[in-house]
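Data first, discussion second: the structure below is written as structure tokens.
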Amino acid sequence: MSNDRTPRRGVLLIVASPSGAGKTSLCRRLMADHGGLELSVSMTTRGIRPGEVADRDYHFVSPEEFQRGIDEDAFLEWADVHGNRYGSPRAPVDKALSEGRDVLFDIDWQGARQIADKCPGDAVRVFILPPSLEELRRRLVTRSQDADDVIERRIQNAKGEIEHCGEFDYVFVNDDFDRSYSELAHIYHAERSRRFRNTWVDTYRMGLLSEAV
Ligand code: GDP
Ligand code: ADP
Ligand code: 5GP
């Protein structure tokens, strides 16, 4: 009997949060544990941080190059966030989906909304809340990758971002990291198993029913 588990519809797993709530750390671990999941590497006009690797963490580009991407309709979504532009390149997402693979997005609420509007059914939105704004500040300061004024701007923007958590499918608080990671992984696993994504099931079921026993 054939046990082919294709074709399937991929998940577009979108993780958003205020800056410092922990989404990048959670997304990195999810990527490390799931070989079939592809990270959407965003294009950004912000400068590279110490420890970041170009084309792994972001495609770092000039404002002119970013504008060219907009003009050429090269983004699935893009947004102004904390004074810089960020966008998800369209081509790698189309390719992954056409091959039945899943894509992970570490983006803001504006991008989550655009992808959910364009790809209803495929998009799954997860919002991560910080335990408190005081803890958010502590994490941004401890991460020590942003200047004081940048940290201050991100904290001031956090409340506006948190107001949008009602638009998301799943929400949880990132207090204990391992517990939060387990939550995210469970969401991903459950979404992968949804009946409508697993279009191979009809053929598979026929195979089971035709087995002689
Ligand atoms: P972080 O919040 O500390 O992870 O800081 P970043 O500078 O990495 O990201 C800044 C904001 O831009 C965050 O809200 C991200 O979720 C958002 N962002 C990153 N990539 C994208 C993208 O491709 N599109 C959109 N719309 N937002 C993005
Ligand atoms: P974001 O991508 O949302 O800005 P990061 O993943 O960069 O957030 O996390 C911000 C900082 O908080 C990092 O230094 C990270 O190690 C730390 N952090 C993430 N999750 C937790 C947690 N559950 N408890 C304590 N510190 C955390
Ligand atoms: P940072 O500058 O700290 O890397 O990211 C700041 C914010 O921008 C984060 O909330 C991050 O998720 C968001 N972000 C990063 N890439 C994208 C993107 O491609 N699109 C959108 N909409 N937001 C992004």
- Query: Residue check, W109 against (1) out of contact with any helix residue (DSSP H, G or I) (no Cβ under 6 Å at 6 or more places or on another chain); (2) near ligand 1 (Cβ under 9 Å from one of its atoms), all met but one. Which one?
  - Reply: (1)
- Task: Kindly indicate whether R195 is among the basic types (K, R), touching a helix residue (DSSP H, G or I) at 6+ places or on another chain (Cβ under 9 Å) and either modelled with pLDDT under 95 or surrounded by 18 or more Cβ atoms within 10 Å (Cβ to Cβ) (or both).
- Result: yes
- Message: Which residue is surrounded by the fewest Cβ atoms within 10 Å (Cβ to Cβ), if the candidates are limited to the range 114-130 and must be in contact with a strand residue (DSSP E or B) (Cβ under 8 Å, 6 or more places away or on another chain) and over 17 Å from A21 (Cα atoms)?
- Response: K118
- Item | Members of the range 168-188 that are surrounded by 14 or more Cβ atoms within 10 Å (Cβ to Cβ) and in a helix (DSSP H, G or I) | S180, Y181, E183, L184, A185, I187, Y188
- Can you spot a residue in the range 72-95 that is within 23 Å of Y170 (Cα to Cα) and either of a type in the set (K, R) or more than 12 Å from ligand 3 (Cβ to nearest atom) (or both)? no
- Quick one: count up the residues across the range 120-142 that are within 14 Å of ligand 1 (Cβ to nearest atom), under 15 Å from the mean Cα position of the chain (by Cα) and of a type outside the set (A, V, I, L, M). 2
- Message: Looking only at the range 74-124, filter to residues that are of a type in the set (S, T, Y) and either part of a strand (DSSP E or B) or at pLDDT 95 or above (or both); which one of those is nearest to F60 (Cα to Cα)?
- Response: Y86
- Query: Is it the case that L133 is within 22 Å of S25 (Cβ to Cβ), away from ligand 2 (no atom under 13 Å from the Cβ) and surrounded by fewer than 23 Cβ atoms within 10 Å (Cβ to Cβ)?
  - Reply: yes
- Message: Of all residues being part of a helix (DSSP H, G or I) and within 11 Å of ligand 3 (Cβ to nearest atom) in the range 19-53, which is surrounded by the most Cβ atoms within 10 Å (Cβ to Cβ)? Just the residue, please.
- Response: K23
- Query: Which residue pairs have Cβ atoms closer than 7 Å, lie 6 or more positions apart in sequence or on different chains, and pair a first residue in the range 189-213 that is in contact (Cβ under 8 Å) with a residue 60 or more places away in the chain and part of a loop (DSSP other than H, G, I, E, B) with a second residue that is surrounded by 10 or more Cβ atoms within 10 Å (Cβ to Cβ) and not β-branched (V, I, T)?
  - Reply: N198/R8; T199/P7; T199/R8; T199/R9; W200/D4; W200/R5; W200/P7; W200/R8
- Message: Being near ligand 1 (Cβ under 9 Å from one of its atoms) and either in contact with a Gly (Cβ under 9 Å, 6 or more places away or on another chain) or in contact (Cβ under 8 Å) with a residue 40 or more places away in the chain (or both) is true for just one of G36, G87. Which residue is that?
- Response: G87
- Can you tell me which residue within the range 1-18, out of those that are within 13 Å of ligand 1 (Cβ to nearest atom) and part of a strand (DSSP E or B), is surrounded by the most Cβ atoms within 10 Å (Cβ to Cβ)? I14
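The values are calculated or read from the model by the stated rules, or taken from the named source; none is laboratory data. Computed from a predicted model, the values in this text were never measured in an experiment. Note that we place each Cβ from the backbone using ideal geometry, even for glycine, and neighbour counts take in every protein chain shown.
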